[in-house]
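Right, one structure below, let's go through it.
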Amino acid sequence: MRGGKQKSDGHDLKKGMNMDLKYVYGSHEIEFKEDDDDAFFLKWWRFQYAHRHFYRLKTQNKTLQKELDGCIPTLFEIFDRLQMGQHDELDLLYFYDLEFYQFVNVLVYQYHRAEHGADSYLDLRYEIDTALYRYPLKNLNRTEIEVVKQIHYWTLKLGFLSVQFFDKPDLIASRDAFIFNTLDKDSLKQNSIFFPYYTGTNAAPGLNIMTEDNLQEVTWDWDMAVFYHDGDVIDQIKKKMPNAKEWKKSGTKVIGEQEGSSIQMYIKRELCSKTKALRWLTGQVERRKFFKESRLQINPIHSTPCSETQKRKNDKFIDMTREADGLSAYRRETKKDNLRRAVAILNWDMQNIHEKGGLNKNSRCKETVEFLDQRDPKLIEYYNSKFNNKWEDDRETPANENAPQFDIEMRNGDIDSYHSNVVREMEKDYDVAEFCIQKIENYTYQDVRRARKKSKE
């Protein structure tokens, strides 16, 4: 992005974007602090996959690339024109780019709210930013609105402010944070601003949930659809669903009217239980209800005592919204998941972005295994926990002294079968990364296997 000399007037944007807020929901106060690790890493990897999806799309379609790149000068002109005296001079490129992204996000968010109405997607932090910039959309001409419209389209498609993806993906942050450990987690979180747009999730096998803000065509083979309207009672929806005995029987079932629905849920009953579907739907409903009815206290949270009853209610709400975000899809331990996703991204970047072609997937993974083994052999244990264990020859002692002798100090990792096993695991992770980039979602290996099996049927 283009640099300049700007800063926020007495306002640390980076800290402001991450500050803790207190939300009031009915008679309840719910304190939301910064993302916990799982929530942060979920967004982190979705962001990385979305960026690479967009990068590949642009590089493969030069007409699209030219069209989108042409939006940037217009956006900078708007930015420079409409700062309205809020910014002072400072030689910090980072803050200029951050404020530019924040300003464009305000335009996109304001456009989205205007297009979809007062009941559409509400983000309370974006509301603060919109007020800080004095609702700038009203000052744009027709041509400028068309540019914002285009950026808005790609933002919804990608799930993050699309302007952030116009440059090449960051090729080192994931490597440094999760492989080399030269960038600590707190620094990574502090310097990461995602500008996410919640678009529902299809992270659970056999389940796809969308909100009215971002409805998309469902192309996969579902056999049950649930259309939720604001005010519907979950228990009534539950009664209309087949019971456990009838759940997996063939036939298509539709519950509710599609027209005017605020939440749409599509289910493949063979892959998704009734309990899971209802739990996800409840999470989405609670999320929607909360953000529609909540009031915002903008000031940072001051610790206040909370009753045990209220704490349980808050914890239940947070658990439901975490599940609605797809956090329940995590099945690998977080540190292991991060390391393996980072290595997979590294391999993908080497194959698709770096000017270092010539290797197929298998050769690339072999090269990476050797690199990791030389740098830190313990990293390989995330692929095979016994890789560095002392090799034990379980064969009988050779009958004669001229038979081949084996080094008793060898590791398991020095044996071809162990080494090949790690390479295969790394290849699987590469396939997962490719699938995640294609679908812009945080899938697991099991999800990819199920998808491939389904495509062959």
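Exactly one of these conditions fails for residue 384: (1) closer than 28 Å to residue 169 by Cβ; (2) modelled with pLDDT of 90 or more. Give me its number.
(1)
Which ones in the stretch 139-161 are touching a Leu at 6+ places or on another chain (Cβ under 8 Å) and either loosely packed, with under 13 Cβ neighbours inside 10 Å or among the polar types (S, T, N, Q) (or both)? Before you say what the answer is, go through the steps one by one.
Within the stretch 139-161, the subset touching a Leu at 6+ places or on another chain (Cβ under 8 Å) is 139-140, 145, 147-148, 150-151, 154-155.
139, 150, 155 - these are the residues of the stretch 139-161 that are touching a Leu at 6+ places or on another chain (Cβ under 8 Å) and either loosely packed, with under 13 Cβ neighbours inside 10 Å or among the polar types (S, T, N, Q) (or both).
For the stretch 106-124, does any single residue satisfy the condition of being buried (at least 19 other Cβ atoms within 10 Å of the Cβ), touching a Gly at 6+ places or on another chain (Cβ under 8 Å), at pLDDT below 90 and of a type outside the set (Val, Ile, Thr)?
No, the conditions are met nowhere in the stretch 106-124.
Kindly establish whether residue 168 is part of a loop (DSSP other than H, G, I, E, B), at pLDDT 85 or above and charged (D, E, K, R).
Values: part of a loop (DSSP other than H, G, I, E, B): yes; at pLDDT 85 or above: yes; charged (D, E, K, R): yes.
For residue 168, the condition - part of a loop (DSSP other than H, G, I, E, B), at pLDDT 85 or above and charged (D, E, K, R) - is met.
The values are calculated or read from the model by the stated rules, or taken from the named source; none is laboratory data. What you see is a predicted model; the values in this text were computed from it and never measured. Don't worry about glycine lacking a Cβ; one is built from the backbone with ideal geometry, like all the others, and counts go over all protein chains shown.
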